[in-house]
Amino acid sequence: SRSKLTETVDVCFQQAKFSYLHMKYLFFSWLAVFVGSWIVYVEYSSYTELCRGHDCKNSICDKYRKGVIDGSACSSLCEKGTLYLGKCFTAKPKSQVYSGSWGDLEGVIKCQMEDAPHYDLGSEMEPRKESAAFNKPTKGTSVEKFREMILNHLKAKVGDQANLADLATQVLAITDANKDGHISLPEAHSTWALLQLNEFLLALVLQDREHTPKLLGFCGDLYVMEKVPHSPLYGVSLPWIVEVWMPAGLRHSMDQWFTPSWPHKAKISIGLLELVEDVFHGTFGSFLMCDVSAASFGYNDRHDLKVMDARYIVPEAIFQEDIRQQRCEADEDCVYGADCLTSCDLTKHRCTPEVTRPNLAKACEALKDYVLRGAPSDVREELEKQLYACVTLKGSAEQMEIEHSLILNNLKTLLWKKISHTKDS
């Protein structure tokens, strides 16, 4: 009788244990399904909110078919179907970015989606309303009048430079997309819209240099740029759930693991220093680099630096004009992008126009860990000394032009001497 009772208790215990384990299994299974579903929902929602390239394409093609816009990419995008939107790389909904293929060419397709206030410091320093409307120039505008519009616009953007007439001529040459010797009103609408964008303007200004991807074609304010095969400048893309839990120090170290050999890094670094030279007192005025992060740059198979995202490389004249109007209570209110900070004049509660750090200091900050890691022992100490002197530069480049030029040239010379005799150069 006692043994039967014991057996009964054991059976009940085993059943209770099984029931508990079963419930525990069910609970964690449902929890896993719930969390998985939530992650899929969040990822899908964020993708559909960000990636609206096909809406952008439909809007552009609708305007093309109505005869409002025209350009070298319109027929391939809207009629022949030979220009395809591939993978979405969009970071902000109003500026769509996709990989693309155009016949045998691989490129990056960029398309503007929605209106934003004129020169909104909280987003991008670009007037969006005018470009989206495609209403300028108006019907009946002569080519000479359009040329004058372009010249005045360029003056407003980069200041009254001596050779702006040459740049206006280049703009008109690009406008004649079908190369028939005539500029149509739809072609002019497209070019005027593109001229409102910092990235397009910079591509024009630096088109003879190697640091900006080449413009392959356009339709309205959708344009196709040459693909940069290696981007970002350094680092590795990780799933967001890994990013959340990974310590910042480990993440920073991982970014530096996935980089080319040191001679290749030295050549890429020289490219960034040359870009700083090109945008400071360049042929068509000065530009400020307001986001000098790894994500803004890449490089090609020859290890030539390429600008990936030029939205935050802005004409200095436009930046100064706009930042002066910005109300402030502290210096932190006077910032554009990640890296263009001015100070707050507390007597007027307005931002001052001069940036606190020049482009070169910001470039050296981005390069410091990148180029020091793996540097040969015979140059490391001098390289570190030059980089730290560079990082501590303050004030605008005009205020300290001699020191700025000296440090830049010293860095380029030091790196070039070390690699000039190798095949990596």
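Points worth noting:
- Residue check for residue 130: modelled with pLDDT of 90 or more and either closer than 19 Å to residue 285 by Cα or open to solvent by 40 Å² or more (accessible area, probe 1.4 Å) (or both): no
- Pair list, Cβ < 7 Å and 6+ apart or interchain, from region 389-410 residues that are more than 16 Å from residue 279 (Cβ to Cβ) and open to solvent by 40 Å² or more (accessible area, probe 1.4 Å) to residues that are modelled with pLDDT of 80 or more and not aliphatic (A, V, I, L, M): 394/356; 394/357; 410/386
- Region 68-83 - residue that is open to solvent by 40 Å² or more (accessible area, probe 1.4 Å) and in a loop (DSSP other than H, G, I, E, B) and, of those, farthest from residue 58 (Cα to Cα): 72
- Where residue 310 falls short, out of the listed (1) surrounded by fewer than 21 Cβ atoms within 10 Å (Cβ to Cβ); (2) closer than 23 Å to residue 112 by Cβ: (1)
- Unmet requirement for residue 375, which otherwise passes all of (1) assigned to a helix (DSSP H, G or I); (2) in contact with a Phe, Trp or Tyr (Cβ under 7 Å, 6 or more places away or on another chain): (1)
- Contacts under 6 angstrom Cβ, first residue in region 214-228 being without any contact (Cβ under 8 Å) to a residue 24 or more places away in the chain, partner assigned to a strand (DSSP E or B), 6 or more apart: 214/226
- Boolean, residue 187 is among the charged types (D, E, K, R), modelled with pLDDT under 90 and either surrounded by 20 or more Cβ atoms within 10 Å (Cβ to Cβ) or under 27 Å from the mean Cα position of the chain (by Cα) (or both): no
- The single condition among (1) farther than 21 Å from residue 194 by Cβ; (2) modelled with pLDDT under 90; (3) not basic (Lys, Arg) that residue 89 does not meet is (1).
- Out of 350, 373, 380, sole residue that is open to solvent by 40 Å² or more (accessible area, probe 1.4 Å), farther than 27 Å from residue 233 by Cβ, out of contact with any Gly (no Cβ under 7 Å at 6 or more places or on another chain) and not β-branched (Val, Ile, Thr): 350
- Residues in region 84-113 that are part of a strand (DSSP E or B) and hydrophobic (A, V, I, L, M, F, W, C): 85, 88, 97, 102, 105, 108, 109, 111.
- Scan region 84-111 for residues that are polar (S, T, N, Q) and open to solvent by 20 Å² or more (accessible area, probe 1.4 Å) and the total you get is 2.
The values are calculated or read from the model by the stated rules, or taken from the named source; none is laboratory data. Since we're looking at a predicted model, the values are computed, not measured. With ideal geometry, Cβ positions are generated from the backbone for all residues, glycine too; neighbour counts draw on all protein chains shown. Accessible surface is based on the protein model in full, side chains and every heavy atom, while ligands, DNA and RNA are left aside. Shrake-Rupley method; radii C 1.70, N 1.55, O 1.52, S 1.80 Å.
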